[in-house]
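Note sheet for the following structure.
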Amino acid sequence: MADWQAEAIGWLRPVWPAVYNPRRADFPMGDAGEGARQIRWEFEQLAVADAILFWFSFETTQPIVLYELGRWAASDKPLAVGADPRYERRFDVVEQLALARPGLTVHTDLPSTCAAANRFVGEEA
């Protein structure tokens, strides 16, 4: 699976003073303790973030990310969202966001999703 997070950080780092990346080089699948720590860390970082970027690559369904998107779509936190055209649940992401966040663009590529996130810098959250 491609490391799209590293690519995104390349576009975000020059603009954002901090970028929180949940990807771990060697995540111990099956370790419930580490899983719980990871979930808590992600939960806490999303809560304190000034804005959130969601990218849905085509390689996996990402059910937890769908949950997180739903949670934050119901808030007023700035969101930049993109889904690869080959992502199997793209239709659902687009339709749900049209209801929860009318006018929010669901981008089709990572560079435009990152550019949308970069536009939030300096805005009041």
Criterion: farther than 23 Å from VAL121 by Cα and of a type in the set (Phe, Trp, Tyr) - qualifying residue of TYR87, TYR20 | TYR87
In the stretch 75-111, residue farthest from TRP4 (Cα to Cα) [restricted to those that are in contact (Cβ under 8 Å) with a residue 12 or more places away in the chain and among the small types (Gly, Ala, Ser)] = ALA100
Among the residues of the stretch 6-27, is any modelled with pLDDT of 95 or more and among the basic types (Lys, Arg)?
-> no
Given (1) small (Gly, Ala, Ser); (2) over 17 Å from HIS107 (Cβ atoms); (3) surrounded by 11 or more Cβ atoms within 10 Å (Cβ to Cβ), number of the condition ALA73 does not satisfy | (2)
How do the pairs read when you match residues in the stretch 56-74 that are under 16 Å from LEU99 (Cα atoms) with residues anywhere that are among the small types (Gly, Ala, Ser), using Cβ under 8 Å and keeping only pairs 6 or more apart or on different chains?
-> GLY70/ALA100; ALA73/ALA100; ALA74/ALA100
Selection from the stretch 93-104 of residues farther than 12 Å from PHE54 by Cβ and β-branched (Val, Ile, Thr) yields VAL94
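The values are calculated or read from the model by the stated rules, or taken from the named source; none is laboratory data. Source: prediction; values computed, not measured. Please note: Cβ atoms are built from the backbone with ideal geometry, for glycine as well, and neighbour counts cover all protein chains shown.
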